[in-house]
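Everything on this sheet refers to the single structure shown next.
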Amino acid sequence: MNTFAFKPKLVSTLRNYNKKTFMADLMAGVIVGIVALPLAIAFAIASGVSPEKGIITAVVAGFLVSVFGGSRVQIGGPTGAFIIIIYGIIQQYGIQGLTIATLMAGVFLVLFGVLRLGTIIKYIPYPIVVGFTSGIAVTIFTTQIKDLFGLQMDAVPSDFVEKWIAYFHDFGTVDVWTTIVGIVSVLIIAVTPKFSKKIPGSLIAIIVMTVAALLLKNFAGVTSIETIGDRFSISSALPEAQMPPLSWEVIKSLVPPALTIAILGAIESLLSATVADGVIGHHHDSNTELVGQGIANLVSPLFGGIPATGAIARTMTNINNGGRTPVAGIVHAAVLLLIFLFLMPLAQYIPMACLAGVLVVVSYGMCGWRSFVMLMKNPKSDVTVLLITFFLTIIFDLTVAIEVGLIIACLLFMRRMAETTDVKAILDEIDPEEDTDVKLENNEHLTIPKGVEVYEINGPYFFGAGNRFEEVMASFGSRPKVRIIRMRKVPFVDSTGIHNLTNLCVMSKREGIEIVLSGVNPKVHGVLQHAGFYDIVGEENICSHINLALARARQLVG
């Protein structure tokens with residue numbers, strides 16, 4: 001068995017590093033840092049924490065993901081997918097609970113990598129990924145309605161349905177100026193890519209709308225536009241590392257949300273790295289990437305950060321602007337650190353409606369409505385998983401959605417696997433043209449003696465198909481002297497399959513019926529032998545092909 005090898009991409013890419021590559025990474029890193037700024041602030045505020053915590057996360061996690069990760073171009077930081085999880089944890093356990101849950105998620109991510117689960121996590125069913133991603137997008141959009149329209153509400157309910165009821169109830173309190181700021185912000189972000197590919201529309205919207213809000217306040221007397229400074233006190237001081245107090249009771253209660261953070265972080269980071277591979281023509285190391293993400297989530301919360309993962313939009317921005325090594329990610333973190341130290345106080349003038357506009361555009365990009373519509377045309381089982389995951393995400397929470405979605409997907413997978421396993425009875429004779437293990441000259445047909453029944457298992461004999469054999473035999477209702485079981489097309493057998501075969505042998509012996517196995521492959525043979533199955537059926541009744549099995553049956557019948 002291969003052991004885990006920790007190989008950060010930074011080490012291998014620096015071996016042949018040169019000035020030309022550095023200049024490309026430097027330019028990409030600066031641009032990505034600017035792109036990440038408004039998103040980090042918006043994600044932090046939407047998650048229920050102060051804006052500087054988003055930038056701290058982008059700095060610390062972004063730096064560590066680039067240094068220790070398994071992708072050349074991955075950009076780490078806070079993402080929209082975590083907003084709902086973070087907000088829910090803070091509501092239930094407080095900021096300290098979020099810190100502990102993030103630390104635990106970091107440990108889980110490191111374990112995922114060390115246990116080499118990176119390749120497995122990438123195969124989580126697509127309907128689940130689309131279902132919870134679309135659900136998160138709808139939930140993010142829902143949380144921004146109050147700030148987008150400046151609704152005068154004392155408290156926004158946490159429940160999805162109750163939120164919309166409250167919005168409709170208080171929609172008469174819409175502030176016109178706030179609504180204009182929010183809608184114009186969305187329009188600027190949507191239109192900017194048509195004129196500029198380098199400068200992000202979210203940054204332009206924040207600058208334009210912040211200046212507009214200040215002019216309206218100072219020269220037109222408009223004071224109803226709420227800003228970040230009206231809601232938060234912003235600090236640009238570097239935080240000191242602090243370890244939260246830990247107790248076994250708190251750790252036990254935070255296992256489900258911590259696992260959700262870890263699984264979602266793993267899915268999103270590996271999905272981002274896989275998309276990046278297709279563009280740059282290199283392959284990432286999934287397990288090293290998970291360890292890098294784990295390290296980032298272990299360190300970031302110590303400085304007040306929130307959960308982080310690989311961000312697809314920022315990673316693609318990095319690639320499109322020439323970034324080809326982890327140095328670009330390190331530069332991006334350095335740019336954000338400089339902005340944090342010298343420009344953070346200016347963030348207090350940013351309108352909340354503008355940030356709501358940024359998140360509305362983010363939620364639209366996340367919703368993947370085209371993928372959702374396409375999946376609705378797929379088999380009913382996939383549609384079921386998609387809709388259940390989607391509605392559980394918006395009505396309950398992401399933890400429940402992922403757990404239930406995975407369980408349903410696993411059950412459907414087991415059913416499909418069971419359907420691929422076929423058990424059939426061969427009644428009269430065996431055609432050598434159809435059965436490759438038959439050894440006869442002149443293509444003669446092999447006749448089955450009287451008092452002998454031949455059954456063939458075609459496919460894996462596991463717990464999902466364990467009872468199929470009994471159902472087929474029960475349909476005949478006969479009591480032969482010998483039953484031959486052909487297993488040449490059985491690639492593996494599990495404990496349930498062994499248990500069913502053992503029961504079949506024991507019950508058959510009680511009725512005076514002998515069991516003969518034919519064509520068992522070496523892998524299945526080893527499993528049956530190790531389980532002690534051959535002690536029951538007898539070594540002499542294990543035959544390499546059907547000719548020998550029928551010859552043995554004739555002896556037993558005679």
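Could you list all residues from region 348-396 that are in contact (Cβ under 8 Å) with a residue 24 or more places away in the chain and charged (D, E, K, R)? Within region 348-396, 382 is the sole residue that qualifies. Only one entry of 235, 224 meets the criterion of being under 29 Å from residue 313 (Cβ atoms), in contact (Cβ under 8 Å) with a residue 24 or more places away in the chain and among the hydroxyl-bearing types (Ser, Thr, Tyr), and that entry is 235. Looking at this structure, is residue 523 surrounded by fewer than 16 Cβ atoms within 10 Å (Cβ to Cβ), modelled with pLDDT of 85 or more and either under 24 Å from residue 554 (Cβ atoms) or not acidic (Asp, Glu) (or both)? Yes; evaluated as a whole, the condition is true for this residue. In this structure, residue 314 does not satisfy being out of contact with any strand residue (DSSP E or B) (no Cβ under 6 Å at 6 or more places or on another chain), outside any helix (DSSP H, G or I), modelled with pLDDT under 95 and charged (D, E, K, R). Considering region 174-221, and only residues there that are buried (at least 18 other Cβ atoms within 10 Å of the Cβ) and part of a loop (DSSP other than H, G, I, E, B), the residue that is modelled with the highest pLDDT turns out to be 175. Does residue 81 satisfy the condition of being in contact with a helix residue (DSSP H, G or I) (Cβ under 8 Å, 6 or more places away or on another chain), open to solvent by less than 10 Å² (accessible area, probe 1.4 Å) and modelled with pLDDT under 90? Taking the combined requirement at face value, the residue satisfies it. Residues that are surrounded by 24 or more Cβ atoms within 10 Å (Cβ to Cβ) and among the small types (Gly, Ala, Ser) were ranked within region 38-53; the one that is nearest to the chain's Cα centre (by Cα) is 47.
Of everything in region 224-257 that is assigned to a helix (DSSP H, G or I) and hydrophobic (A, V, I, L, M, F, W, C), the residue that is nearest to residue 340 (Cα to Cα) is 228.
Reported count of residues in region 58-78, each being polar (S, T, N, Q) and out of contact with any strand residue (DSSP E or B) (no Cβ under 6 Å at 6 or more places or on another chain), is 2. In region 526-553, the residue that is most open to solvent (accessible area, probe 1.4 Å) out of those that are over 18 Å from residue 508 (Cβ atoms) and part of a helix (DSSP H, G or I) is 530. Please go through region 345-404 and give me each residue that is within 30 Å of residue 209 (Cβ to Cβ) and in contact with a Pro (Cβ under 8 Å, 6 or more places away or on another chain), ordered by number. Passing the criteria: 347, 355, 358. For first residues located in region 252-268 and farther than 15 Å from residue 296 by Cα and open to solvent by 20 Å² or more (accessible area, probe 1.4 Å), partners that are at pLDDT below 90 and in a helix (DSSP H, G or I) and lie 6+ apart or on another chain with Cβ distances below 6 Å form the pairs 256/399. Looking across region 297-326 at every residue that is closer than 18 Å to residue 239 by Cα and polar (S, T, N, Q), the one that is farthest from the chain's Cα centre (by Cα) is identified as 300. Applying the condition of being open to solvent by 70 Å² or more (accessible area, probe 1.4 Å) and aromatic (Phe, Trp, Tyr) to region 1-29 and asking which residue is nearest to residue 116 (Cα to Cα) yields 6. Of all the listed residues (95, 56, 90), the sole one being crowded, with 24+ Cβ neighbours inside 10 Å and part of a helix (DSSP H, G or I) is 56. Per the conditions (1) part of a loop (DSSP other than H, G, I, E, B); (2) crowded, with 16+ Cβ neighbours inside 10 Å, the sole criterion not satisfied by residue 154 is (2). Annotation: residue 227 fulfils all but one of (1) of a type in the set (Ser, Thr, Tyr); (2) open to solvent by 50 Å² or more (accessible area, probe 1.4 Å); (3) in contact with a strand residue (DSSP E or B) (Cβ under 8 Å, 6 or more places away or on another chain); the unmet one is (2). The requirement of being open to solvent by less than 60 Å² (accessible area, probe 1.4 Å), under 48 Å from the mean Cα position of the chain (by Cα), over 19 Å from residue 456 (Cα atoms) and β-branched (Val, Ile, Thr) is not satisfied by residue 498.
Condition check: hydrophobic (A, V, I, L, M, F, W, C), open to solvent by less than 10 Å² (accessible area, probe 1.4 Å) and over 20 Å from residue 256 (Cα atoms). Does residue 32 satisfy that? Considered against the rule, which asks whether it is hydrophobic (A, V, I, L, M, F, W, C), open to solvent by less than 10 Å² (accessible area, probe 1.4 Å) and over 20 Å from residue 256 (Cα atoms), residue 32 comes out as yes.
What do you reckon, is residue 335 in contact with a helix residue (DSSP H, G or I) (Cβ under 6 Å, 6 or more places away or on another chain), open to solvent by 30 Å² or more (accessible area, probe 1.4 Å) and in a helix (DSSP H, G or I)? No, not satisfied.
Within region 56-70, residues that are over 8 Å from residue 296 (Cα atoms) sit with their Cβ atoms under 6 Å from residues that are of a type in the set (Phe, Trp, Tyr) and open to solvent by 20 Å² or more (accessible area, probe 1.4 Å), at 6+ positions apart or across chains, in these pairs: 56/303. Applying the criterion of being surrounded by 15 or more Cβ atoms within 10 Å (Cβ to Cβ) and of a type outside the set (A, V, I, L, M, F, W, C) to the residues of region 157-167, the residue that is nearest to the chain's Cα centre (by Cα) is 163.
The values are calculated or read from the model by the stated rules, or taken from the named source; none is laboratory data. From a predicted model like this one, the values you see are computed outputs, not experimental measurements. Because the Cβ atoms are built from the backbone with ideal geometry, glycine has one as well, and the counts that use them run over all protein chains shown. What goes into the accessible areas is simple: the full protein's heavy atoms, side chains included, and nothing from ligands, DNA or RNA. Shrake-Rupley method; radii C 1.70, N 1.55, O 1.52, S 1.80 Å.
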